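The values are calculated or read from the model by the stated rules, or taken from the named source; none is laboratory data. It should be emphasised that the depicted structure is a prediction, and the values quoted were computed from it without experimental measurement. So basically every Cβ, Gly included, is an ideal-geometry build from the backbone, and we count neighbours across all protein chains shown. To get the accessible areas, we keep the full protein, side chains included, count just its heavy atoms, and leave off ligands, DNA and RNA. Shrake-Rupley method; radii C 1.70, N 1.55, O 1.52, S 1.80 Å.
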Amino acid sequence: MRRREYVTAVGSSVGAIATTRVGGAQTSALERVVPAERTTAVRPGDGIGFEAAASPGVEPQAADWRVDGPDGDAVTPYDPFYSYTYVTGNPAASGQFDESGTHEVSVTVDGTTITWSVEVTENAPAPPSVDATSDPGPDATITVRDDVEVTASAADESGTLRRLFWQEGRNATYVDSALLSGSTATVTYAIAGRDAIWFIGGYPMMAWVACRDGRLSVARTKGPSIAAVRDVRITGTNAPVRSGEVLVVDAEIAIDGDSTYHAFVEATPELIVGHDPTRVDSETVEVFAGNSETVRLEFTTATVRNTQTFPVRVETRHAASETDVTVIGTDDAESHGHLEVTDLETNAPVTGGERLEVTATLDNSGDGPASRDVELVVGDDPTTVDTRGVTVGAGETTTVTLGYETYPVENDDQFPISVETGDDTATRSVLVYGRSGDGNGDGGERDEATFAVSITGTNAPVTGGEWLSVTAVVENVGSAPGRHDTKLVVGRSPEVVDTLRVSLNPGQSQRLALGYETYPVTNDDTFPIVVRSPHASDRRTVTVHGTG
C-alpha cells in the first residue's frame with residue numbers, strides 16, 4: 001500500500017481525515033502560520049514547530065525544508081506531521097536545536113520560499129506545558145461500543161498558545177486540531193471505542209501544543225483496554241421435554257470487534273436455568289471478530305411430578321438471551337401429546353412470485369391430545385411465513401397445509417424450509433425458479449430433473465464423539481439430466497453436517513455415504529436425521545449413547 005493510501009485508511013477509521021484536494025496545481029502563495037513572525041527564539045534542546053499555509057495545498061513530499069546554521073539537521077521534514085500536511089495541504093515540520101546561535105529555516109514549494117530566523121538562546125521563553133489524560137483511564141476495560149474522552153490541558157507563561165494537534169500513537173496519524181489562545185487552555189476529544197484503533201492496539205494518543213512563536217511540546221496518554229463485544233442469541237431448544245430428559249439449548253455467539261487487533265476472541269457462554277437462576281453448563285469457543293459460531297448447551301432436567309415452565313438464559317461477558325421452556329412432569333406425561341412431523345410434501349419447484357405450498361403429516365405419539373401452533377419457516381436466515389393451529393388426539397395423525405407467496409427472484413434460488421410444531425421439526429430444500437428463465441440466462445427450457453431420496457441404513461446407535469454414518473440412494477425420476485446437492489441434516493434444531501453434489505441422467509441412481517462426528521454428549525440423545533435433495537427427503541431417528 002502506498003503511503004497516501006495508508007494514511008487515508010487509518011484516518012477514515014477514526015473519522016478525522018477528510019477528503020482533501022492536494023492536487024497538481026503550482027503553489028502560488030505560502031504564508032507563515034507557526035511561527036507567525038519571521039523571527040523567533042527557542043532555548044537549546046526545546047522543541048519548535050513550523051507550519052506554512054499553502055495555496056493551493058501541497059503533498060508532504062513536495063515541501064523542501066532546509067536549515068542554514070550550526071544545526072543543519074535539526075528540522076525533521078516529515079514525521080511527525082506527515083499526515084497533517086497530507087490532510088490540510090500545509091507544509092509542517094518540527095525540530096530541536098542544540099547549538100546556540102542563529103539558524104535560517106526555509107521551506108520551498110514549486111519555487112516559492114518562505115524563511116524563518118530562529119535564535120537559539122537560553123534567554124528564550126520556556127516551552128508550553130501540556131498534560132493529557134484519558135477517561136476511562138489505562139487501568140479500565142471498556143468495549144468497542146463505549147466512548148473514550150481524551151483531555152489535554154496546556155499552559156504558556158508568555159500567553160501565546162496557538163494550536164493543539166491530536167495524533168494517534170500507532171502511526172503518528174493526524175486526528176484533529178483545535179485553535180488556542182491566551183495562557184491556558186483545555187481541550188477534550190471524544191471518540192467511540194471501536195474507532196480508537198490505537199487504543200485497541202495498545203498505543204497511546206498524543207497532544208501537540210504549539211505557541212504563536214513556534215515553541216512546541218507534546219504529551220502522551222495511554223487509554224483503556226478496549227474489548228470486543230461477545231453477543232449471544234438463543235436460536236432454538238428441544239423443549240418441551242419430559243422430566244429427567246436432557247434439555248438442549250442452541251445459541252449463536254457473534255463477535256463485534258476489530259479484525260486486526262482482536263482477531264480470534266475467546267467467549268464462554270453459560271447456560272443459566274430457573275426462576276432461582278442456576279448455572280448448569282458452559283462452553284468455551286474462539287470466534288474471529290466479525291463472525292459467529294453456534295454452541296450447544298444442555299443439562300439433565302430434574303424429575304418432577306408437575307409440568308413446569310421456567311426461563312433459560314445464555315450469558316456471555318457482555319450480553320444475554322433468554323427464552324421460556326417447558327418440562328413435562330411425571331403426573332402429566334400420560335396426558336401430554338407429542339406432535340411429530342413424519343412427512344413433508346411441497347409443490348416445488350415453483351416460479352418466483354408464485355405460491356409455495358407445504359403439506360406436513362403430523363403424528364401425535366403422546367398419550368394425550370396435542371394442541372400446537374404449527375409454523376412454516378423458510379430461508380437460510382429463518383423467517384416464519386405461515387402458522388396454523390391444530391389439535392391432534394392421542395395416537396392420531398393429521399395433515400396441515402401451509403404456504404406463502406415467494407419472492408419474484410430473477411435467478412433460480414434453492415433454500416431450506418421447515419415445519420415446526422414445538423415438539424419436532426422437519427426440514428427439506430426447495431427450488432424457486434428465477435423469472436428470467438432457467439437460471440442460465442439463455443431463455444431455455446427449465447431443468448426438469450427431480451431427485452428422489454431414500455435412506456438405506458445407518459450405523460446407529462453410536463457413542464458420543466464417534467462417527468455417525470448414513471447411506472442413501474438418490475434417483476433422478478425426472479425427464480432431464482440434473483446436478484444437485486444432497487445434504488445430511490441432523491438434530492431438532494436442524495443443522496447441515498455433510499453435503500455431496502450428484503449428477504444423474506434420467507432414471508439413473510447413485511448410492512451415497514454421508515456422515516459426521518457426533519457431539520460427545522454425557523447422556524443418551526435421540527434425534528432425527530434427514531437426507532434431502534432440492535425435491536425430496538427421507539427421515540430416520542437415531543440414538544447417540546452418552547459417554548457418562
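If contacts are Cα pairs under 8 angstrom and at least 6 residues apart, what is the relative contact order of segment 271-375 in percent? Across segment 271-375, relative contact order equals 21 percent. Taking all Cα pairs closer than 8 Å and separated by 6 or more residues, the relative contact order of segment 121-215 comes to 34 percent. The H on the amide N of residue 463, modeled in the peptide plane, is under 5 Å from the matching H of 545, each at least 5 residues off or on a different chain. The 1.4 Å probe gives accessible areas that order 351, 342, largest first, as 342, 351. Counting only heavy atoms of the protein chains and using a 1.4 Å probe, residue 359 has close to 50 Å² of accessible surface. Computed with a 1.4 Å probe on the full set of protein chains, the accessible area for residue 37 sits at about 100 Å².
Taking 7 Å steps out from each Cα toward its Cβ at residue 184 and residue 225 produces label points 3.6 nm apart.
In segment 313-430, taking the dipole from charged Cβ atoms about the Cα centre, the farthest positive-side position among 419, 330, 393 is held by 419. Taken one residue at a time, the phi angles of segment 84-95 give Karplus couplings (6.51, -1.76, 1.60, θ = phi - 60°) of 4, 5, 4, 7, 8, x, 8, x, 9, 8, 9, x Hz. Gly and Pro are set to x.
Once all protein chains are placed together, residue 512 keeps about 10 Å² accessible to a 1.4 angstrom probe. Taking Cβ atoms as reference points and 14 Å as the exclusive limit, the residues near residue 548 contribute a net charge of -4, counting Lys and Arg as +1 and Asp and Glu as -1. Mind sorting out which of [x] 49, 35, 21; [y] 48, 36, 25; [z] 70, 30, 18 is the real semi-axes √(5λ) of the Cα gyration tensor in Å computed from the coordinates? Correct label, based on the coordinates given: [z]. Against the chain, whose longest principal axis is taken from its Cα atoms, helix 3-14 shows a tilt of about 70°. Within the accessible area of the chain, the carbon and sulfur atoms contribute 42%, probe 1.4 Å, all protein chains present.
When only C-alpha pairs under 8 Å and at least 6 residues apart count, what is the relative contact order of the chain, in percent? Don't jump to the answer; show the numbers that get you there.
Values: 1553 pairs, mean separation 44.7, N = 548.
The normalised contact order for the chain reaches 8 percent.
In sequence order, segment 258-264 has phi-based couplings of 8, 5, 6, 9, 7, 6, 7 Hz under the Karplus curve 6.51 cos²θ - 1.76 cosθ + 1.60, θ = phi - 60°, and Gly or Pro positions carry x. Dipole check for segment 332-443: with +1 at the C-beta of Lys and Arg, -1 at the C-beta of Asp and Glu, and the Cα centre as origin, the magnitude is about 260 Debye. Helices in the chain, meaning DSSP H runs of at least 4 residues, each add -39500 (n - 2.57). Divided by all residues, the mean residue ellipticity at 222 nm is -1000 deg cm²/dmol.
Note on segment 486-548: Kirkwood hydrodynamic radius from all Cα pairs is 13.2 Å, rounded to one decimal.
Other residues whose C-beta falls under 14 angstrom from the C-beta of residue 184 contribute a net charge of -2, scoring Lys and Arg +1 and Asp and Glu -1. Return the whole-Å distance between the Cα centroid of segment 292-326 and the Cα centroid of segment 138-205. Comparing the Cα centres of segment 292-326 and segment 138-205, I get a distance of 45 Å. Along segment 518-523 the Karplus relation, 6.51 cos²θ - 1.76 cosθ + 1.60 evaluated at θ = phi - 60°, assigns HN-Hα couplings of 5, 6, x, 5, 7, 10 Hz to successive residues, with x for each Gly and Pro. For the set 283, 396, solvent exposure ranked by accessible area (probe 1.4 Å, protein chains only) runs largest to smallest as 396, 283.
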